[in-house]
Amino acid sequence: MKVKALYISWWLLLVAAGFGLNKAAAQVVTTVRPTLTLPREEVGRVVRVVDADTYDVLAGSVVYRVRLLGVDAPEPDQPFGRQAGDSVARLLTPERLVLLGRRGVDLYGRTLATIRLLVASGPALALDSLLVVRGWAWAWDPNRIPGRAAQQASALAARRGLWKCGAVGVLTPRQWRKFNYKNKRRYGVGCTW
């Protein structure tokens, strides 16, 4: 949105300068260019795993309640929810450093962010991709992120994580949250381990 606003203001200044309405506008046009700035990543530590896609991250001296972008993991009371949360908790130990890329705030006040895991050799690993590959989360809008649909398809084909019993009868967290208590008891059994 900021880029679009900068572009429009730059264009208006260019038009004003072209008609000779404002000589100062011509100088501003040459100095102001619309640029796309990506949020910088900061180093932090996960201090608490709330569920498989929500964490408390300490970055600097601030603790952020982070909602991971790009995935939707099972709710804690949903089938495979506890297993997904435990899997993430084993990955995100308090001594492990992560890269936090904050992107905004959601309706619940959580910071929307990407998290990448620092590894000793090689580039940092995106946590959202790791969750999808291991079968502990659904890809959120898989067509926007290159390769995400293929990651989810490979997890389904290999029957990893929540895909253990196949795709039949698997409910997304969005569907699960709409259920009342009675339906959750009926469909909450899931696949046996």
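Coordinate-derived values only; no laboratory data. If you're wondering where the values come from, they're calculated on a predicted model, not measured in any experiment. Positions of Cβ are backbone-derived with ideal geometry, glycine not excepted, and every protein chain shown enters the neighbour counts.
Annotations for the structure displayed:
- Relative packing of 79-92, 56-69, which averages over residues the other C-beta atoms within 10 Å, highest first: 79-92, 56-69
- Spin-label pair ARG177-LEU58: with each label point 7 Å from Cα along the Cα-Cβ axis, the two points sit 2.9 nm from one another.
- Interchain or long-range residues, amide H under 5 Å from VAL105's placed H: LEU112
- Listed by Cβ neighbour count within 10 Å, with the fewest neighbours leading, THR54, THR93 appear as THR93, THR54.
- Overall, segment 98-146 carries a charge dipole of about 80 debye about its Cα centre when +1 sits on the Cβ of Lys and Arg and -1 on the Cβ of Asp and Glu, all other atoms neutral.
- Working note: Karplus 6.51/-1.76/1.60 with θ = phi - 60° gives segment 69-82 the couplings 7, x, 9, 9, 9, x, 5, x, 8, 8, x, 6, x, 5 Hz, where Gly and Pro are set to x.
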